[in-house]
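> I am attaching a structure below and will ask some questions about it afterwards.
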Amino acid sequence: MKKNIPTLDDIVSLAKRKGFVYPSSEIYGGLAGVYDFGPRGVELLNNLKRSWWKANVYDKENYFGLDSGMFKHPKVWEASGHTKGFADPLAECRECNTRIRVDKELGNIGVIADEKMSEEVINTLFDEHRKEIACPKCGKKNFTAVRAFNLLVKSNLGDFTSEGNEPVYLPGEASQGIYLNFKNVVDTLQPKIPFGIAQIGKAFRNEISPRNFLFRAREFEQADTQYFVRPNENKDAYEQIKQDRWNWYLSLGIREENLRWHQHENLVFYAKDAWDIEYNFPSLGFDELEGIHDRTNYDLTQHQEFSGVDLRYTDPETGEKYVPWILETSVGMGRMFMAVICDAYREDELGGEKRVYLALAPHLAPVRAAVFPLLKNKPELVAKAREVYVHLKKAGIVVAFDDNGNIGKRYRRQDEIGTPACITIDFDTLTDDTVTVRDRDTGEQERVAISDLLGKLG
Ligand code: ATP
């Protein structure tokens, strides 16, 4: 039976079994909301980052890369509004103390709610529906009133707290580093507006209920771009950015029917527009993958005010000074990783045998090719296979060597991690320097000269 729609459990189990993602600190019982990327996972993650960086820095003419430090001056999070406003609505079960995120629980029963609603509005909504919401742990319907729960994670760096000051927080989002370096980039590279800055950085959030694998973690990475435009020259650029981001997901091989747009109805006061690209996550349904926000001049104006430093841009031709408007894209690498694996997951039958495989785009696959000697106990085949393996490795191709078990089993092992090509060295190879290359998706094999392998793998 063919199955192209996995459950979330299928994905979590494959990810663990095949060395993509492990729960953090597992030998100590785990740490909720934190994950480790294993040997296969880190390769896929790095390939995704490389692909994102290429699309958002190298393929553009006016985007610059950045890697800012995680720790920032405590005032940054005050200026950005995070110390006061970066909160989710929390209620606690009076029976077993389990905490729920009220907007998400309301969403689960079809009531539209989000974390930007005022405490009063969300409390009223919750009171109207509290009899319909059961505690996920004990099943009782006896919750406290809703309160705002701040998501920033504190650190004791420099021990500011003991002096009565704000602590140094871990970053609640990666984008602040871009705003803080806007002036540095302008002063040192003199880019002309419009231009963008791109960064991939860690974010930490004290999520009330981390769940659904990498979807809602407490530690994660965000890939962000901030595009600086002249005031009121946001509309066309915003549409272009939205289109580019959509197309990028298609270039990863994600099926278009699993993506959709969602426009925010409830905008924060400074925003002009906000759209999410949603992905149809198995067992969860459509949910946010990436946010694309038209943010006006809010971010730089706030930092200008709190720092006292002039963050206006001076037009080199007219001398006009203004605080640029910002168009932001922000996606969690974990959600992207999850969407890519979920979309690539396939179950089918090949040669009368059931198999699971990942139809990953070759540029994303953790292993680009695997090399097998047909028989393990024939030293001449093993030596030739190692020669081919080293030849590909030296050319920079991520390649695996496997001589364990029959060829069918070796194919299945590679299928499950999405290796696009399996190369077998057989007795003909010893006489004519050709090998068989087997295609992951169709199982078809062709004979290829060793000298043509690099061209074939690209
Ligand atoms: P949500 O409504 O799901 O909590 P958000 O609107 O707060 O997300 P943003 O602050 O806009 O998310 O963050 C940008 C992106 O970072 C999101 O689109 C998502 O891909 C990712 N992200 C946010 N929170 C998490 C998390 N807890 N775990 C993993 N990725 C996250």
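> Taking into account only those residues within the range 269-294 that are over 30 Å from residue 5 (Cα atoms) and away from the ligand (no atom under 11 Å from the Cβ), which is surrounded by the most Cβ atoms within 10 Å (Cβ to Cβ)?
That would be 294.
> So the check is Cβ under 6 Å with 6+ separation or different chains; which pairs have a first residue in the range 428-439 that's without any contact (Cβ under 8 Å) to a residue 60 or more places away in the chain and a second one that's open to solvent by less than 10 Å² (accessible area, probe 1.4 Å) and among the hydroxyl-bearing types (Ser, Thr, Tyr)?
Close Cβ pairs satisfying both conditions: 435/429; 436/424.
> Another question about this same structure. Of all residues being hydrophobic (A, V, I, L, M, F, W, C) and touching a Ser or Thr at 6+ places or on another chain (Cβ under 7 Å) in the range 90-114, which is farthest from residue 206 (Cα to Cα)? Just the residue, please.
Among those that are hydrophobic (A, V, I, L, M, F, W, C) and touching a Ser or Thr at 6+ places or on another chain (Cβ under 7 Å), it is 91.
> Let me ask another. Can you pull out every residue in the range 217-259 that is crowded, with 20+ Cβ neighbours inside 10 Å, among the acidic types (Asp, Glu) and assigned to a loop (DSSP other than H, G, I, E, B)?
none
Every residue, every condition in (1) surrounded by fewer than 16 Cβ atoms within 10 Å (Cβ to Cβ); (2) touching an Asp or Glu at 6+ places or on another chain (Cβ under 7 Å), yes or no:
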residue: 344; (1), (2): no, no
residue: 366; (1), (2): no, yes
residue: 371; (1), (2): no, no
residue: 377; (1), (2): yes, no
residue: 403; (1), (2): no, no
residue: 426; (1), (2): no, no
residue: 432; (1), (2): yes, no
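> Oh, and also: Applying the selection to the range 211-261, what residues are polar (S, T, N, Q), within 16 Å of the ligand (Cβ to nearest atom) and under 21 Å from residue 342 (Cα atoms)?
212, 222, 258
> Only one of 46, 4, 62 is at pLDDT below 95 and open to solvent by 20 Å² or more (accessible area, probe 1.4 Å). Can you tell me which?
Numbers: 46 fails: at pLDDT below 95; 62 fails: at pLDDT below 95.
Every option except 4 fails the conditions.
> Is there a residue in the range 66-77 that is in contact with a Pro (Cβ under 9 Å, 6 or more places away or on another chain), in contact (Cβ under 8 Å) with a residue 60 or more places away in the chain, open to solvent by 80 Å² or more (accessible area, probe 1.4 Å) and assigned by TED's automatic domain parsing to the domain that holds residue 302?
yes
> Which residue is nearest to the ligand (Cβ to nearest atom), if the candidates are limited to the range 194-206 and must be of a type outside the set (Gly, Ala, Ser) and surrounded by 18 or more Cβ atoms within 10 Å (Cβ to Cβ)?
Among them, the one singled out is 205.
> Only one of 97, 62 is outside the structural domain of residue 418 (by TED's automatic domain parsing), farther than 30 Å from residue 400 by Cβ and in contact (Cβ under 8 Å) with a residue 24 or more places away in the chain. Can you tell me which? Spell out the reasoning first.
On the way: 97 fails: in contact (Cβ under 8 Å) with a residue 24 or more places away in the chain.
Answer to the selection: 62.
> Exactly one condition in (1) over 30 Å from residue 58 (Cβ atoms); (2) away from the ligand (no atom under 16 Å from the Cβ); (3) open to solvent by 70 Å² or more (accessible area, probe 1.4 Å); (4) in a loop (DSSP other than H, G, I, E, B) is false for residue 135; which is it?
Unmet condition: (3).
> Inside the range 330-348, can you point out the residues that are near the ligand (Cβ under 9 Å from one of its atoms) and not in a helix (DSSP H, G or I)?
Answer for the range 330-348, where residues must be near the ligand (Cβ under 9 Å from one of its atoms) and not in a helix (DSSP H, G or I): 330, 331, 332.
The values are calculated or read from the model by the stated rules, or taken from the named source; none is laboratory data. The structure presented is a predicted model; accordingly, all values stated were derived computationally and were not measured. Neighbour counts run over all protein chains shown; Cβ positions are idealised from the backbone, glycine included. Surface areas here come from the heavy atoms of the whole protein model, side chains and all, with no ligands, DNA or RNA. Shrake-Rupley method; radii C 1.70, N 1.55, O 1.52, S 1.80 Å.
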